[in-house]
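Trainee: Handing you this structure, nothing more for now.
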Amino acid sequence: MSEKPGFFARLKTGLTRSASRLTEGIAAIVTRRKLDDASLAELEELLIAADLGLPIAKEITGRLRSTRFNQEVSNEEIRAALAEGVIESLRLVEKPLKLDESHKPFVVLVIGVNGSGKTTTIGKLAKYYVDSGKKVVIAAGDTFRAAAVEQLKVWGDRAGVEVISRATGADAAGLAFDAREIAKKQNADILLIDTAGRLHNKTDLMAELQKILRVLKKADPTAPHAVLLVLDATVGQNAHAQVETFRDMVGVTGLVMTKLDGTAKGGVLVSLAEKYGMPVHFIGVGESAEDLRPFVAADFAKSLVGLES
């Protein structure tokens, strides 16, 4: 597949806001004095403010303290040390979504709050897997949001994927069951199921999601085979609360981080990895289908601190 520019270039561009916040802050710290207690404390505060989280901030500053304390260091040296620390943290969660071909269809339940980019992500995933030679079916399971259903149909048309939908307000679990039967008859490789994300009433949402799980398991005791939580990077540390809420509701097997191009809070992916250790399968840095790609720790880390690949 031709990509102009390449995904690394788009990732670097997408993370410009996050990188600028870090590089400008680092430059302001290192140009004034040697790496002393005060500058290390400032650096730690900068990393925490950039949503990287306390563990990685302490690790990086501790590493610099032990190797370069009271020495002059360049902006580039600190960024390289930061990139190295981020790569180490993120390699543990750099895990592609593996499709078990013994399950046809491989059922992917996609969850997340409304506005996280969940519906768009499903459309992009459909295009990604179609381009990889897979047969995909989409279930428009956020049945109360007509706009979500229409959005999925547009993406489905683009990717040449059937979108199973029902009338507004229809039972989402029944739709998921029907979609799974249709996908099986069509010998589809993957079934992507959209879901509601109305967190203002957790009780109703939990009941709906758990009903979907029960109904899917009646058709296939092993389903769903993956539960992907879509997170909007622009919410920063609020992403932690969303991870905990959905993990407790239905379990989460992996993360997708969207809208990294619209925020200076891209570092939140690092703090999420440190705290929860959940696989990060995909990241998104733009509106087009090509802007959602499998997560690569080294590329992300280098882009986050403004280094070349």
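Trainee: Consider the range 39-53. How many of its residues are free of Cβ contacts under 8 Å to residues at least 40 places away in the same chain and either touching a strand residue (DSSP E or B) at 6+ places or on another chain (Cβ under 6 Å) or not aliphatic (A, V, I, L, M) (or both)?
Mentor: 4
Residue-by-condition table, conditions (1) touching a Leu at 6+ places or on another chain (Cβ under 6 Å); (2) surrounded by fewer than 18 Cβ atoms within 10 Å (Cβ to Cβ); (3) within 20 Å of Tyr129 (Cα to Cα):
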position: Glu244; (1), (2), (3): no, yes, no
position: Gly254; (1), (2), (3): yes, no, yes
position: Thr258; (1), (2), (3): no, no, yes
position: Thr263; (1), (2), (3): no, no, no
position: Val268; (1), (2), (3): no, no, no
position: Gly277; (1), (2), (3): no, yes, no
position: Ala289; (1), (2), (3): no, no, yes
position: Leu304; (1), (2), (3): yes, no, no
position: Leu307; (1), (2), (3): no, yes, no
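Trainee: Does the range 118-131 contain at least one residue that is out of contact with any Gly (no Cβ under 8 Å at 6 or more places or on another chain) and not in a helix (DSSP H, G or I)?
Mentor: Scanning the range 118-131 turns up no residue that is out of contact with any Gly (no Cβ under 8 Å at 6 or more places or on another chain) and not in a helix (DSSP H, G or I).
Trainee: Which residues, counting only those in the range 29-54, are surrounded by 13 or more Cβ atoms within 10 Å (Cβ to Cβ), part of a helix (DSSP H, G or I) and at pLDDT 90 or above?
Mentor: Result: Ser39, Leu40, Glu42, Leu43, Glu44, Glu45, Leu46, Leu47, Ile48, Ala49, Leu54.
Trainee: Sticking with this structure for a sec: Just to be sure I understand the filter: pairs with C-beta atoms under 8 Å, separated by 6 or more residues or on different chains, first member in the range 249-263 and over 15 Å from Gly117 (Cβ atoms) and touching a residue at least 40 places away in the same chain (Cβ under 8 Å), second member surrounded by fewer than 19 Cβ atoms within 10 Å (Cβ to Cβ) and not hydrophobic (A, V, I, L, M, F, W, C). Which pairs pass?
Mentor: Met249/Lys202; Met249/Gln210; Val250/Gln210; Gly254/Lys95
Trainee: Please enumerate the residues belonging to the range 67-95 that are surrounded by 13 or more Cβ atoms within 10 Å (Cβ to Cβ) and assigned to a loop (DSSP other than H, G, I, E, B).
Mentor: Residues satisfying the conditions are Phe69, Val73, Leu92, Val93, Lys95.
Trainee: Looking at the range 120-155 only, could you name the residues that are of a type in the set (D, E, K, R) and surrounded by fewer than 24 Cβ atoms within 10 Å (Cβ to Cβ)?
Mentor: Matches in the range 120-155: Lys127, Asp131, Lys134, Lys135, Arg145, Glu150, Lys153.
Trainee: Right, here's the next one. Of (1) in a helix (DSSP H, G or I); (2) farther than 14 Å from Gly14 by Cβ; (3) out of contact with any strand residue (DSSP E or B) (no Cβ under 7 Å at 6 or more places or on another chain), Asp299 satisfies all except one. Which?
Mentor: Here Asp299 meets the rest and fails (2).
Trainee: Moving on to the next point. Looking at the range 63-75, is at least one residue closer than 17 Å to Ser20 by Cβ and either touching a helix residue (DSSP H, G or I) at 6+ places or on another chain (Cβ under 8 Å) or at pLDDT below 90 (or both)?
Mentor: Checking the range 63-75: at least one residue is closer than 17 Å to Ser20 by Cβ and either touching a helix residue (DSSP H, G or I) at 6+ places or on another chain (Cβ under 8 Å) or at pLDDT below 90 (or both).
Trainee: Which condition breaks for Val107 when tested against (1) in a helix (DSSP H, G or I); (2) among the β-branched types (Val, Ile, Thr); (3) touching a strand residue (DSSP E or B) at 6+ places or on another chain (Cβ under 8 Å)?
Mentor: Among (1) in a helix (DSSP H, G or I); (2) among the β-branched types (Val, Ile, Thr); (3) touching a strand residue (DSSP E or B) at 6+ places or on another chain (Cβ under 8 Å), the lone unmet condition for Val107 is (1).
Trainee: Let me ask you something else. Regarding Val280, is this residue touching a residue at least 24 places away in the same chain (Cβ under 8 Å), more than 19 Å from Ile111 (Cβ to Cβ), among the hydrophobic types (A, V, I, L, M, F, W, C) and touching an Asp or Glu at 6+ places or on another chain (Cβ under 8 Å)?
Mentor: When the stated conditions are applied, Val280 does not pass them.
Yes or no, residue by residue, for (1) touching a residue at least 40 places away in the same chain (Cβ under 8 Å); (2) under 20 Å from the mean Cα position of the chain (by Cα); (3) over 21 Å from Phe7 (Cα atoms):
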site: Leu92; (1), (2), (3): yes, yes, yes
site: Lys95; (1), (2), (3): yes, yes, no
site: Thr119; (1), (2), (3): yes, yes, yes
site: Lys124; (1), (2), (3): yes, yes, no
site: Tyr128; (1), (2), (3): yes, yes, no
site: Lys135; (1), (2), (3): yes, no, yes
site: Thr143; (1), (2), (3): yes, no, yes
site: Asp157; (1), (2), (3): no, no, yes
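Trainee: Still on this structure, please answer the following. Can you work out which of the residues in the range 174-200 that are surrounded by fewer than 20 Cβ atoms within 10 Å (Cβ to Cβ) and of a type in the set (A, V, I, L, M) is modelled with the highest pLDDT?
Mentor: Within the range 174-200, the match that is modelled with the highest pLDDT is Ile182.
Trainee: Related question: For Phe8, which of the numbered conditions (1) part of a helix (DSSP H, G or I); (2) farther than 27 Å from Thr234 by Cα; (3) under 23 Å from the mean Cα position of the chain (by Cα) fails to hold?
Mentor: Only one criterion in (1) part of a helix (DSSP H, G or I); (2) farther than 27 Å from Thr234 by Cα; (3) under 23 Å from the mean Cα position of the chain (by Cα) is unmet by Phe8, namely (2).
Trainee: Would you confirm whether any residue within the range 215-229 is modelled with pLDDT of 95 or more, within 21 Å of Leu125 (Cβ to Cβ), part of a loop (DSSP other than H, G, I, E, B) and of a type in the set (A, V, I, L, M, F, W, C)?
Mentor: So far as the range 215-229 goes, yes, one or more of its residues are modelled with pLDDT of 95 or more, within 21 Å of Leu125 (Cβ to Cβ), part of a loop (DSSP other than H, G, I, E, B) and of a type in the set (A, V, I, L, M, F, W, C).
The values are calculated or read from the model by the stated rules, or taken from the named source; none is laboratory data. Quantities reported herein were computed from a predicted structural model and do not represent experimental measurements. Cβ atoms come from the backbone with ideal geometry, glycine included; neighbour counts cover every protein chain shown.
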